[in-house]
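This report refers to the structure that appears directly beneath it.
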Amino acid sequence: MTIEDIDKEFFFHPFTQLREHQQHGPLTMVEGHGSTLTDTRGRTYLDAMAGLWCVNIGYGNTEMAETLRAQTERLPYYHTFASMGNEPVARLAQRLIAMAPGEMSKVFFGNSGSDANDTQVKLVWYYNNVLGRPEKKKIISRRRGYHGVTVMSGSLCGLPGMHAGFDLPLPMVHFVRAPHRLWEQQEGQSEEEFVRDLADELERLILAEGPETVAAFIAEPIQAAGGVIVPPASYFPAIQEVLRRYDVLLIADEVVCGFGRTGDTFGSEVFGVRPDLITVAKGITSAYVPLSACIVSAPVWDVIASGADKYGVFSHGYTYSAHPLAAAAAMTNLDIIERDGLMRQAKARGDHLAERLRAEFADHPLVGEVRGYGLLGAVEFVKSKDPLTAFDPALKMSAAVVQRARELGVISRALPASDSIAFSPPFVVTEDEIDEMAALARQALDDVARDLRLLP
Ligand code: PMP
């Protein structure tokens, strides 16, 4: 049996069209270096997505390998329940508090962005229970937002495809619009009016539900999987004014933005977000080992800690919470990013990416918008620019372009919520590699458009 046959026979793939997989089988990667991947047939690909927005230091880093070997020999695992500790995780917590924006106090560790956002909701609920406000439990999220796949974090996603078939979202989750200018900003509306409109929508929802029932608002600084949606500068300040008025906590989901993707340490710093709780994962270890964290502000921590009087033991945590291998990997990953100036480099490469994407796509008749920030970019496809008309979703335009780009040797990602393709390469990507990614993605669009007779 080939590895592809074994895969088809036994492996249940996440986020996969299961029937098509049975026909076409997997694309199996065996090796990676820098921004390049190699499959079982020896074909190479430029990874314009750093895996799933996460392999920020690039593939094949030998310092990470050395750290993992050394920590495995010294202490591969010990739990952290009941006041047990380990060295790497204490140092990592100290470092994260020093890096994080605002007055942050403590770090709780998990294994994925999904479980961390799930934990955030439990922290918010616990907080309000300790404060004697058991009715203040609803969570407001945004359409096009992505926050994970557990029962709660899947509920928080503003992507209908993630709810269908799973009986989600849970009833305590409510949604407002995303700051997606292309579709949400009305004709003739100024940016200021657009932001006011979105803040008013949030306020109306809070008032309709009853402020005494609304606990938290969750948002990615830049919505990644929803379409790389970059908010106007005044968006978060206006949203936060509303949240403060009604005593609603803000959870910043920094799973993609955190640790340099925007060119700054956190997206919150770029967009004026002042979170009460911060979720990180992915870039914290560049995905060499699974790790996530909830960074908790001092005022929220104080309330949660005082819950000991009411509830005794804080009864939440995973076997793998604060895993020493993951913490050691995170320390080395952050060392590499700092020492090699990779956040600055991400910004510089991001400027180059933006320039190349604009050059290849901005004037294309089937492109509605080229957008991005830092080392994050997206190209959104439209049937017509004037009047602005989306493609029929059944056409799966962005998926077709991604498929063709892969045949040409570039791995991008389709973001169907906005019919876009994404670019989020490793921070170590070279300018030449970016040029190739943009040029081959453009060729892929033209090939697909010709096949569909959308272009002459
Ligand atoms: N939040 C955001 C913003 C994400 O992009 C993701 C993953 N793409 C998650 C949460 C969930 O993380 P995980 O897949 O590690 O559960």
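The values are calculated or read from the model by the stated rules, or taken from the named source; none is laboratory data. Everything numeric in this text was worked out from a predicted model, so none of it was measured. Heads up, the Cβs are rebuilt from the backbone with ideal geometry, glycines too, and the neighbour counts pull from every protein chain shown. We work out accessible area using only protein heavy atoms, side chains counted, and drop any ligands, DNA or RNA first. Shrake-Rupley method; radii C 1.70, N 1.55, O 1.52, S 1.80 Å.
Based on protein heavy atoms only, region 321-364 ends up with 40 Å² per residue of surface accessible to a 1.4 Å probe. Bridges between two residues of region 203-325, per DSSP, are antiparallel at a rate of about 40%. Per-residue surface analysis assigns His13 an accessible area of about 30 Å², computed on protein heavy atoms at 1.4 Å probe radius. Taken over the alpha carbons of region 38-155 as equal point scatterers, the Debye sum produces base-10 log I(q)/I(0) values at 0.16, 0.20 Å⁻¹ of -1.17, -1.38.
Can you give me the accessible area per residue for region 95-235, using a 1.4 Å probe, in Å²?
38 Å²
Quick one: if the Förster radius is 41 Å, what FRET efficiency do Tyr311 and Glu66 give, using the C-beta to C-beta distance and rounding to 0.05? FRET efficiency, Tyr311 to Glu66: 0.45. Quick one: grab the alpha carbon gyration tensor of region 81-222, order the square roots of its eigenvalues as a ≥ b ≥ c, and give me rounded if a/c is under 1.5, else prolate or oblate depending on whether a/b is larger than b/c. Prolate, because a/c is 1.5 or more and a/b exceeds b/c. Cross-link partners of Lys122 among lysines, defined as those whose alpha carbon lies under 29 angstrom from its own and excluding same-chain residues fewer than eight positions apart: Lys106, Lys136, Lys137, Lys138, Lys282, Lys310.
Only beta bridges with both residues in the chain are counted; by DSSP, about 70 percent of them are antiparallel. Among the trypsin sites (Lys or Arg not before Pro) found in region 368-456, those both in a DSSP coil and sparsely packed, with 11 or fewer other Cβ atoms within 10 Å of their Cβ, are Arg453. The trypsin sites (Lys or Arg not before Pro) of region 1-79 that meet both conditions, a loop assignment by DSSP and at most 14 other Cβ atoms within 10 Å of the site Cβ, are Arg41, Arg43.
Estimated from helical segments only, the mean residue ellipticity of the chain at 222 nm is -12500 deg cm²/dmol, where each DSSP H run of four or more residues counts as -39500 (n - 2.57). Contact order for region 341-402, expressed relative to its length and based on alpha carbon pairs under 8 Å spaced 6+ residues apart, stands at 25 percent. Spin-label pair Leu170-Glu407: with each label point 7 Å from Cα along the Cα-Cβ axis, the two points sit 4.4 nm from one another.
Of all the accessible heavy-atom surface of the chain, with the other protein chains kept in place and a 1.4 Å probe, what percent is carbon and sulfur?
54 percent
Region 381-401 and region 1-71 have Cα centres separated by 29 Å.
Put simply, the amide H of Lys106, placed in the peptide plane, has neighbours under 5 Å in Val296, leaving out anything fewer than 5 places away on its chain.
Under the membrane-span-like helix rule (DSSP H runs whose alpha carbons stretch at least 15 Å along the helix axis, mean Kyte-Doolittle hydropathy 0.0 or higher), the chain yields 87-99, 324-339, 397-408.
From Cα pairs below 8 angstrom and at least 6 apart in sequence, can you work out the relative contact order of the chain, rounded to a whole percent?
Numbers: 891 pairs, mean separation 91.9, N = 456.
Relative contact order, the chain: 20 percent.
For GluC sites (Glu not before Pro), the sites in region 167-273 that DSSP calls loop and that have at most 10 other Cβ atoms within 10 Å are Glu187. At R0 = 45 Å, how high is the FRET efficiency between Arg177 and Ser83 if r is their beta carbon distance? Nearest 0.05 is fine. The pair Arg177/Ser83 has a calculated efficiency of 0.50. The slack between Glu431 and His13, meaning 0.36 nm per residue of separation minus the straight C-alpha distance, is 147.1 nm.
In a simple Cβ point-charge model (Lys, Arg +1; Asp, Glu -1; nothing else charged), the chain has a dipole of about 660 debye relative to its Cα centre.
Can you work out the FRET efficiency for the pair Thr213 and Asp39, with r the C-beta to C-beta distance and R0 = 56 Å, to the nearest 0.05? The calculated FRET efficiency here is 0.65. Surface calculation, 1.4 Å probe, protein heavy atoms: Trp301 sits at approximately 90 Å² accessible. For region 205-358, just say rounded, prolate or oblate: build the C-alpha gyration tensor, square-root its eigenvalues into a ≥ b ≥ c, call rounded for a/c under 1.5, and beyond that prolate if a/b exceeds b/c, oblate if not. Oblate, since a/c reaches 1.5 and b/c is not below a/b. If you average the sequence gap of Cα pairs under 8 Å that are 6 or more apart and divide by the length of region 358-456, what percent do you get for the contact order? Result for region 358-456 is 24 percent.
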